[in-house]
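The values are calculated or read from the model by the stated rules, or taken from the named source; none is laboratory data. Computed from a prediction, not measured in an experiment: that's the story for all the values here. In this analysis, Cβ positions are derived from the backbone assuming ideal geometry, glycine residues included, and neighbour counts consider all displayed protein chains. Surface areas here come from the heavy atoms of the whole protein model, side chains and all, with no ligands, DNA or RNA. Shrake-Rupley method; radii C 1.70, N 1.55, O 1.52, S 1.80 Å.
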Amino acid sequence: MNDFDDRFLTRNGLAARQLAVLLLHHEPDTRLPRVRDFAEELGCGNGTVQAALRLLEESGAIATTARGHLGTFLVHSDRAVLWRLSGLGTLLAAMPLPYSRRYEGLATGLRSAFEDAGAPFAITFMRGAGARTAALLEGKVDLVVLSRFAADQLIAEHPVELVADLGPATYVGAHGMLVRHGVDLATPGLRVAVDHASEDLRMLVERVFADREDVEWREASYMQLGDLFARNEVDATVWNLDEAQDRLGIGVDVLPLGDEVTRELALRNSTAAVIGRSEGAKALAAVRDSLDLSLVTRLQSEVLRGERVPSY
């Protein structure tokens with residue numbers, strides 16, 4: 001094992017580690033690029049690439065076969081070994097706090113999908129899309145899970161890229177207008193709760209009340225909503241109904257969101273997205289190619305139906 005590790009510290013070994021990243025994008029029984037194409041991409045000689053391929057074969061990471069004029073084909077690849085040799089390391093993903101079965105199911109599905117892809121994966125839980133994004137931009141985490149709504153905004157403003165879109169109802173089930181019973185929404189000075197730690201919900205609630213200059217904004221986290229409504233300190237807000245469930249008393253009405261634009265935004269807000277830093281383009285591409293998103297959504301659905309115990 002020591003001799004094996006030492007060989008991967010040589011010039012040929014370095015090329016093998018770089019080549020391992022590229023090979024994460026290739027499926028078995030597919031033709032590989034020519035040696036000179038690999039050499040051009042890696043900025044080394046043909047002989048170095050050939051030696052790197054031999055190292056990867058000897059390590060058990062890949063098996064190839066030459067098929068005459070058709071070229072060289074990848075017969076087998078061990079993605080776990082390729083990932084380890086690539087030096088990409090363990091991917092740390094920041095997720096919302098797992099307070100709902102939907103988030104527990106999402107965490108369960110993501111962990112299983114990364115394990116199947118052979119990519120070392122760990123999860124840290126952080127409240128607020130803003131806090132998770134700051135951790136990503138500061139290099140403290142590699143991936144962030146948030147709504148597609150918030151992801152689109154961040155992609156437009158920061159050097160981050162979309163890694164995965166898991167589809168509607170994977171981030172939250174639905175959004176609704178929460179209104180204290182008996183309150184008329186047209187009342188001047190309506191007290192509206194907003195949580196600036198939750199970027200996606202902040203944008204959504206501000207869009208819903210965009211034409212109201214008379215509202216009084218009240219800073220509040222979802223954990224406080226039940227008490228604030230009960231103490232008559234807020235009148236309304238827009239919230240994720242997964243979070244609101246079991247936290248609100250009988251004195252709060254849930255109303256559907258209004259216009260088509262708001263409903264479309266709520267749809268994107270219900271979709272789970274995974275983003276990563278653009279500077280890690282090769283790692284992100286490897287993740288995109290490796291993940292079986294259908295496995296994520298299937299396991300999440302099983303957790304939601306109570307057919308699977310959450311495991312993350």
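The table that follows gives values for the structure above.
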item: Estimated D of region 15-87 in µm² per second, where Rh is the Kirkwood radius over Cα pairs and Stokes-Einstein applies at 20 °C, 1.002 mPa s; result: 179 µm²/s
item: Tilt relative to the chain, helix 281-290 - C-alpha long axis, 0 to 90 degrees, to 10; result: 90 degrees
item: Rounded to whole Å, sorted largest first: equivalent-ellipsoid semi-axes of the chain, Cα gyration tensor; result: 49, 18, 16
item: Difference of contour (0.36 nm per residue) and Cα-Cα distance, Glu57 to Thr10; result: 15.3 nm
item: For Phe121, distant residues with modelled amide H under 5 Å away; result: Leu91
item: Å² per residue, accessible surface of region 172-303 at 1.4 Å; result: 46 Å²
item: Candidates Thr48, Thr187, Thr170, ranked by Gaussian network fluctuation over the chain, Cα under 10 Å, top entry; result: Thr187
item: Relative contact order for the chain, counting Cα pairs under 8 Å that sit 6 or more residues apart, in percent; result: 23 percent
item: Projected label distance in nm at Thr65 and Ala156, using a 7 Å step from Cα toward the beta-carbon; result: 5.2 nm
item: Where labels lie 7 Å past Cα in the beta-carbon direction, separation of Glu219 and Glu27 in nm; result: 5.0 nm
item: Evaluated over region 160-312, the Cα radius of gyration and Dmax, each in Å; result: 18.1, 55
item: Alpha-carbon centroid distance for the pair region 39-99 / region 111-145, whole angstrom; result: 23 Å
item: Size of charge dipole - the chain - debye, nearest 20, with Cβ of Lys, Arg +1 and Asp, Glu -1, no other charges; result: 880 debye
item: Region 152-201: projected area of the alpha-carbon convex hull, averaged over directions, in nm²; result: 5.7 nm²
item: In region 107-159, GluC sites (Glu not before Pro) in a DSSP loop with at most 12 other beta-carbon atoms within 10 Å; result: Glu138
item: Per DSSP, loop trypsin sites (Lys or Arg not before Pro) in region 30-88 with at most 16 further Cβ within 10 Å; result: Arg34, Arg67
item: Contact order normalised by residue count of region 6-90, Cα under 8 Å, 6+ apart, percent; result: 37 percent
item: Ala174 versus Asp292: modelled label distance in nm, points set 7 Å from Cα along the beta carbon direction; result: 3.2 nm
item: Translational diffusion of region 1-130, µm² s⁻¹ [Kirkwood Rh, Cα pairs; Stokes-Einstein; 10 °C; 1.306 mPa s]; result: 96 µm²/s
item: Structure-based [θ]222 nm, the chain - -39500 (n - 2.57) summed over DSSP H runs of at least 4, per residue, nearest 500; result: -12500 deg cm²/dmol
item: Carbon and sulfur %, accessible surface of the chain computed with the full protein complex present, 1.4 Å; result: 50 percent
item: Cβ-Cβ FRET estimate between Asp37 and Ala134, R0 fixed at 41 Å, reported to 0.05; result: 0.55
